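S.K.: I'd like to ask you about the structure that follows.
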Amino acid sequence: MVAKYERNLMSNTRKIFDMLALRMHQRRAKLLGSVDFVDKFSINQVHERLSDIKRTFKYPAIIGQKTSFWAKKLGLNNAILIDDDDHLDFNDKKFDFIIHALSLHWHDDPVGQLIQVRQALEPDGLMLAFFLGGETLYELRTVFEQAELKTENGISPRVAPMIELRDAGDLLVRAGFALSVADSTDLEVIYTTPIELLHDLRGMGETNIMVDRRKNFLKRETLKNLIELYATQFNAHKYDGGVKATFQLFCLTGWAPSKNQQKPLRRGSATHSFTDVLGTYKL
C-alpha cells in the first residue's frame, strides 16, 4: 500500500531539530553573504542527471531556502518556488519535475516531505532530492566530542546526526516512489584553519539547531582544544597544510508511479540461468 501523508503525522514525534533556530540561522547567513559551494555542486549534479534523461519538463518546482538561486542557475525561469516547511504548500498544483534543494537533512520527518512531493507529482513525474548525509563533517563531530570531554567533562550534540545512504534509499520506497535510486558524492574541502570552516557553516546556515544543544556560548578553552585537535588529527598534508572537512552529498532520484513505466520481472520468470550465461567455474 502506498503511504498517504496526513497533516498530524508528526504530532507525537519527538523533535530533533529546532526549526525556529534554523530560520534565524538562515536569515543570518543571507546577511553575512551566503556560502554556496555545496549549492553550486548540487546544481551541476542536476545538469548531469537531466542530460541523461533526455526529456523536457514543463511544470517544475523547487523546494528549499535558496530556490531563486537554484532556478536561475538551472534556467528554470517558470519554476514554482516553495519554502521547505514541514507542510509543503503546493497550492493543489501538479508538477512533472520537483527538486528538493539541500534541506531534507534538517527535517524531523523526511519521509513526510517525500510523500508530499510524490503526491504533488504527475504520473511519471521526476523528483531529485539533494541533501547532506553519511560522513558529512565527521571530522568536526570527532574533535568537538574530544574537546568537550577534555574541558567540560561531558559532551552535547554539536553536529547533527546524518542518515546513511542505505537508509536514504529506504525513504524513497516508504514514500511510494518508483524506479528509485540513491547515490552519494564526497566533497573534501581544505581550510586554512578550523575557524574558517566554522565561518563557512555560519554562512551556509548550517550551524547547530538541535533541540538538545547547549544554549550557552562555546567556552574559549573548548574552542582552543578543538582547533588543536582538529589540526593534529585532520591535517591536510597532501595539500601542503590546512585541515580538511568532508561534505557527503546524497541524491535521491524517484519517479511518481505510472502504469506506463517499466516494471521489474516477476520472480521466477527468467528463461535462462546464470550458469547458462556465465558458464561453470571449476576450482
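Values quoted throughout were computed directly from the atomic coordinates according to the rules given, and no laboratory measurement underlies them. Computed from a predicted model, the values in this text were never measured in an experiment. Positions of Cβ are backbone-derived with ideal geometry, glycine not excepted, and every protein chain shown enters the neighbour counts.
S.K.: Let me know the Rg and Dmax you get for the stretch 19-257 when you use only its Cα atoms, in Å.
M.R.: 18.8, 57
S.K.: What list do you get for Ile99, Ile190, Ile80 if you sort them by fewest beta carbons within 10 Å?
M.R.: Ile190, Ile80, Ile99
S.K.: Straight-line reach from Lys93: which aspartates and glutamates have Cα under 14 Å away, leaving out those fewer than 8 places along the same chain?
M.R.: Qualifying aspartates and glutamates at Cα under 14 Å: Glu122.
S.K.: Please identify which residues in the stretch 191-205 have an amide N closer than 20 Å to a label point set 7 Å out from the Cα of Met19, following the Cα→Cβ vector.
M.R.: 205, by backbone N distance to the label point.
S.K.: Per-residue counts of other Cβ atoms within 10 Å, averaged by peptide: what ranking do you get for 104-116, 150-162, highest first?
M.R.: Top to bottom by mean Cβ count within 10 Å: 104-116, 150-162.
S.K.: Hey, in the GNM for the chain with a 10 angstrom Cα cutoff, which one of His100, His87, His25 fluctuates hardest?
M.R.: Answer for the Gaussian network model of the chain: His87.
S.K.: Using only DSSP helix segments of four residues or longer, with each worth -39500 (n - 2.57), what per-residue ellipticity at 222 nm results for the chain after dividing by its residue count and rounding to 500? If you can, show how the numbers build up before the last one.
M.R.: Values: 9 runs with 105 residues, N = 283.
Rounded to the nearest 500, it is -11500 deg cm²/dmol.
S.K.: Length gain on complete extension for the stretch Lys215 to Asp89, per 0.36 nm per residue less the alpha carbon to alpha carbon distance?
M.R.: Here the segment from Lys215 to Asp89 would lengthen by 42.2 nm.
S.K.: Also, quick follow-up: Would you mind getting me the FRET efficiency between Leu50 and Ile195? Use the beta-carbon distance for r and R0 = 30 Å, nearest 0.05. Don't jump to the answer; show the numbers that get you there.
M.R.: Numbers: r = 38 Å, r/R0 = 1.26.
Efficiency at R0 = 30 Å is approximately 0.20.
S.K.: When ranked by the protection proxy of mean other Cβ atoms within 10 Å per residue, highest first, what sequence do the peptides 46-59, 221-234, 122-135, 194-207 form?
M.R.: Per-residue Cβ counts within 10 Å, averaged per peptide and sorted highest first, yield 122-135, 194-207, 221-234, 46-59.
S.K.: Would you mind checking the pairs Lys66/Lys215; Lys215/Lys244; Lys54/Lys244; Lys40/Lys94; Lys30/Lys54; Lys72/Lys94 and listing those with alpha carbons more than 29 angstrom apart? All intermediate terms of the calculation are to be shown ahead of the outcome.
M.R.: Values: Lys66/Lys215 27 Å; Lys215/Lys244 27 Å; Lys54/Lys244 37 Å; Lys40/Lys94 27 Å; Lys30/Lys54 35 Å; Lys72/Lys94 21 Å.
Cα-Cα > 29 Å for Lys54/Lys244; Lys30/Lys54; rest within.
S.K.: Using 1/(1 + (r/R0)^6) with R0 = 35 angstrom and r between the beta carbons of Leu32 and Lys259, what's the FRET efficiency to the nearest 0.05?
M.R.: Efficiency for this residue pair is about 0.10.
S.K.: Next question. Using only the alpha carbons of the stretch 158-231, determine the length spanned along each of the three principal axes and report them from longest to shortest in whole angstroms.
M.R.: Between the extreme Cα coordinates on each principal axis of the stretch 158-231 lie 50, 29, 22 Å.
S.K.: For the chain, what does the relative contact order come out to in percent, with C-alpha contacts under 8 Å and a separation of six or more? Working shown, then result.
M.R.: On the way: 435 pairs, mean separation 69.4, N = 283.
Result for the chain is 25 percent.
S.K.: I want the local charge near Val38. Using Cβ-Cβ distances under 11 Å, sum +1 for each Lys or Arg and -1 for each Asp or Glu among the other residues.
M.R.: Numbers: positive: Lys40, Lys66; negative: Asp36, Asp39, Asp200, Glu206.
Here the count lands on -2.
S.K.: Let me ask something else. Excluding Phe95 itself, what net charge comes from residues whose Cβ is under 10 Å from its Cβ, given Lys and Arg +1 and Asp and Glu -1? List each step's numbers first, then the result.
M.R.: On the way: positive: Lys58, Lys93, Lys94; negative: Asp96, Glu122.
Result for the local shell: +1.
S.K.: While we're on this one: So what's the net charge close to Ile155: Lys and Arg +1, Asp and Glu -1, counting the other residues with Cβ under 14 Å from its Cβ? Working shown, then result.
M.R.: Values: positive: Arg141, Lys150, Arg158, Arg213, Arg214, Lys219; negative: Glu145, Glu148, Glu152, Asp212.
The answer is +2.
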